[in-house]
Amino acid sequence: MKNRFIYILIVFSFAFIFNIMKLTAIELSIYTYNSFNSEWGPGPIVFKKFEKICDCTLKVISPGDSGVVLNRVILEKENPRADILLGLNNSEIEKSFHYNLWEPYRSKILSRVPDHLILDRENRVTPFDYGFLAFVYDSQKIDNPPKNLNDLLDISYKKKIVIQNPKTSSPGLSMLHWTIAEFGEKNFINFWKKLKPNLLAVTDGWSAAYGMFTRGEIPIVLSYVTSPAYHLEHEKTERYQVAHFKEGHYRQVEFGGIIKGTKNLEIAKDFIDFMLSEEFQNVIPLSNWMFPVIEY
């Protein structure tokens, strides 16, 4: 009887210690955009990989597209609730710098990243992938795809295009900057006025717009040059194609950074290092459908 009591005491003691360890385990909070952490995105893969090496747990929150994520971090600036922001792009970083959101950190692996992708010399944010905006079309519904931005204004595309809101969406804001770069600050508004009749919808984020496209609700969507590769890989179809523009396509670089005020600085630094590691970078091409910043 005495031995049984001792055995039960030991079991309960271990259970108590285990629960205490769970309660005191370090939790790293990450904000990212919803498609990154979707079931088909890289999030579920890379986050599990990091948990295995960090001796911590990750709390991942995806409130919307990257513009929504950034606005949330700005609103929480005085009382930050996240340690990492993952998925900010080059169209949004100046806004983030204005609000002084970052804890600078230069990863020891950053030297392997091509210089043209390092857009912040103060190391407030670190690039992890890049891609190029493009209009993707359904070849079963569009016979003559646009060959440049001006072609999008053609009456034949009336109510046939869906794009994303620049206030909330990463590609939406990049599209706005693309038109400024192409037409200049004095003339880009005229382009948008002429484009309006051809827009069926302006969605809050990429996922909503691309969902309309793949459901057959609309034949042209603002996305990325790599989007057709997804359909070829997973659906074995070449139905969806990129409208190749002679003047080129706007480049989008995505970044991750440590939020100022984090209480988990060292593990946050470890995550930035991990973001540039082979385990993270090799997941990007066939899950986020972007180009990795380091080729291993």
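The values are calculated or read from the model by the stated rules, or taken from the named source; none is laboratory data. The shown structure was predicted, so the numbers you read here are calculated from the model rather than taken from an experiment. All Cβ positions, even for glycine, are placed from backbone atoms using ideal geometry, and neighbour counts span all protein chains on display. The accessibility values were calculated without ligands, DNA or RNA, using every heavy atom of the protein model including side chains. Shrake-Rupley method; radii C 1.70, N 1.55, O 1.52, S 1.80 Å.
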Residues being surrounded by fewer than 21 Cβ atoms within 10 Å (Cβ to Cβ) and assigned to a loop (DSSP other than H, G, I, E, B) - total across segment 273-289
6
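To keep it simple, each residue is scored yes or no on (1) in contact (Cβ under 8 Å) with a residue 40 or more places away in the chain; (2) open to solvent by less than 20 Å² (accessible area, probe 1.4 Å); (3) within 15 Å of the chain's Cα centre (by Cα); (4) more than 15 Å from residue 241 (Cβ to Cβ).
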{"site": "132", "(1), (2), (3), (4)": "yes, no, yes, no"}
{"site": "144", "(1), (2), (3), (4)": "no, no, no, no"}
{"site": "163", "(1), (2), (3), (4)": "yes, yes, no, yes"}
{"site": "168", "(1), (2), (3), (4)": "yes, no, yes, yes"}
{"site": "173", "(1), (2), (3), (4)": "yes, no, yes, yes"}
{"site": "185", "(1), (2), (3), (4)": "no, no, no, yes"}
I'd like the residue in segment 91-120 that is of a type in the set (A, V, I, L, M, F, W, C) and assigned to a loop (DSSP other than H, G, I, E, B) and, out of all such residues, is surrounded by the fewest Cβ atoms within 10 Å (Cβ to Cβ).
119
Determine whether segment 244-255 contains at least one residue that is among the acidic types (Asp, Glu), under 21 Å from residue 30 (Cα atoms) and touching a residue at least 60 places away in the same chain (Cβ under 8 Å).
yes
Are any of the residues in segment 138-151 in contact with a helix residue (DSSP H, G or I) (Cβ under 9 Å, 6 or more places away or on another chain) and farther than 25 Å from residue 231 by Cβ?
yes
Residue count, segment 27-41 (criterion: farther than 12 Å from residue 256 by Cβ and assigned to a loop (DSSP other than H, G, I, E, B)):
7
Answer yes or no: is there a residue in segment 179-196 that is of a type in the set (A, V, I, L, M, F, W, C) and closer than 19 Å to residue 289 by Cα.
no
Tell me which residues, restricted to segment 22-60, are among the hydrophobic types (A, V, I, L, M, F, W, C) and open to solvent by less than 40 Å² (accessible area, probe 1.4 Å).
28, 30, 36, 46, 47, 50, 54, 56, 58
When residues of segment 142-157 are filtered for being assigned to a loop (DSSP other than H, G, I, E, B) and among the acidic types (Asp, Glu), how many remain?
2
Taking segment 69-84 only, how many residues are crowded, with 20+ Cβ neighbours inside 10 Å and either part of a helix (DSSP H, G or I) or without any contact (Cβ under 8 Å) to a residue 40 or more places away in the chain (or both)?
3
Tell me which of these residue 87 doesn't satisfy, since it passes every other one: (1) under 30 Å from residue 245 (Cα atoms); (2) under 15 Å from the mean Cα position of the chain (by Cα); (3) part of a loop (DSSP other than H, G, I, E, B).
(3)
Considering only segment 255-270, I want to know if a residue exists there that is at pLDDT 95 or above, part of a helix (DSSP H, G or I), open to solvent by 40 Å² or more (accessible area, probe 1.4 Å) and touching a helix residue (DSSP H, G or I) at 6+ places or on another chain (Cβ under 9 Å).
yes
Segment 204-224, residues that are surrounded by fewer than 21 Cβ atoms within 10 Å (Cβ to Cβ) and within 23 Å of residue 292 (Cα to Cα):
207
